[in-house]
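Notes follow the structure.
The values are calculated or read from the model by the stated rules, or taken from the named source; none is laboratory data. Please read these numbers as outputs of a predicted model, since none were measured by experiment. Note: ideal-geometry Cβ built from the backbone for every residue, glycine included; neighbour counts use all protein chains shown. The area values use the complete protein model at the heavy-atom level, side chains included, leaving out ligands, DNA and RNA. Shrake-Rupley method; radii C 1.70, N 1.55, O 1.52, S 1.80 Å.
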Amino acid sequence: EVQLVESGGGLVQAGGSLRLSCAASGFTVADYAIGWFRQVPGKEREGVSCISSSWGSTYYADSVKGRFIISTDNAKNTVDLQMNNLKPEDTAVYYCAAGTQPTMCHKYSGMDYWGKGTGVTVSS
């Protein structure tokens with residue numbers, strides 16, 4: 001059974017940091033493109049960052065570039081998203097997702113498996 005479970009969300013003040021983790025089971029994260037997405041009510045789910053070990057690439061949305069860092073831990077079969085200098089506009093439910101097409105790992109339509117999400121609230 002393919003599963004993705006996010007953790008690490010919470011409430012932080014603007015300028016603070018959080019580290020989200022995506023734990024995968026039923027597959028190896030190194031063999032898939034893994035993306036972090038976020039969604040707020042009334043908006044589309046947007047790609048925040050993704051990583052593809054097989055492709056040797058990472059992606060960051062312009063809005064988070066320089067603040068967020070995505071990484072894999074193959075020993076734990078997890079993908080983490082280190083979020084620094086958080087802003088109120090980062091408030092959202094964050095989801096991790098897995099797909100087989102590395103070039104589409106930052107696109108909602110390109111991902112095949114999804115976690116249930118973890119909430120992040122950044123207060124001003």
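Say we look at segment 62-86 and pick out the residues that are under 11 Å from the mean Cα position of the chain (by Cα) and not hydroxyl-bearing (Ser, Thr, Tyr); which of these is surrounded by the most Cβ atoms within 10 Å (Cβ to Cβ)?
Once the filter is applied, the top-ranked residue is VAL79.
If we scan segment 94-110, do we find a residue that is surrounded by 20 or more Cβ atoms within 10 Å (Cβ to Cβ), closer than 21 Å to SER25 by Cβ and of a type in the set (Ser, Thr, Tyr)?
yes
Only one of SER25, SER49 is open to solvent by 40 Å² or more (accessible area, probe 1.4 Å) and modelled with pLDDT of 95 or more; which?
That would be SER25, the only listed residue that is open to solvent by 40 Å² or more (accessible area, probe 1.4 Å) and modelled with pLDDT of 95 or more.
How many of the residues making up segment 36-60 are farther than 17 Å from ASN74 by Cβ, within 12 Å of the chain's Cα centre (by Cα) and not charged (D, E, K, R)?
8
Could you please let me know if GLU44 is under 18 Å from VAL120 (Cα atoms) and acidic (Asp, Glu)?
yes
For segment 52-69, which positions are modelled with pLDDT under 95 and out of contact with any Cys (no Cβ under 8 Å at 6 or more places or on another chain)?
Once the filter is applied, which keeps residues that are modelled with pLDDT under 95 and out of contact with any Cys (no Cβ under 8 Å at 6 or more places or on another chain), segment 52-69 yields SER53, SER54, TRP55, GLY56, SER57.
Name the residue that is least open to solvent (accessible area, probe 1.4 Å), counting only residues in segment 111-124 that are farther than 13 Å from ARG38 by Cα and of a type in the set (Ser, Thr, Tyr).
SER123
Quick one: TRP36 ticks every box in (1) open to solvent by 30 Å² or more (accessible area, probe 1.4 Å); (2) touching a residue at least 24 places away in the same chain (Cβ under 8 Å); (3) part of a strand (DSSP E or B) except a single one, so which number is it?
Every listed condition holds for TRP36 apart from (1).
Across segment 58-106, what is the total count of residues that are of a type in the set (Gly, Ala, Ser) and closer than 17 Å to LEU11 by Cβ?
Here the count works out to 1.
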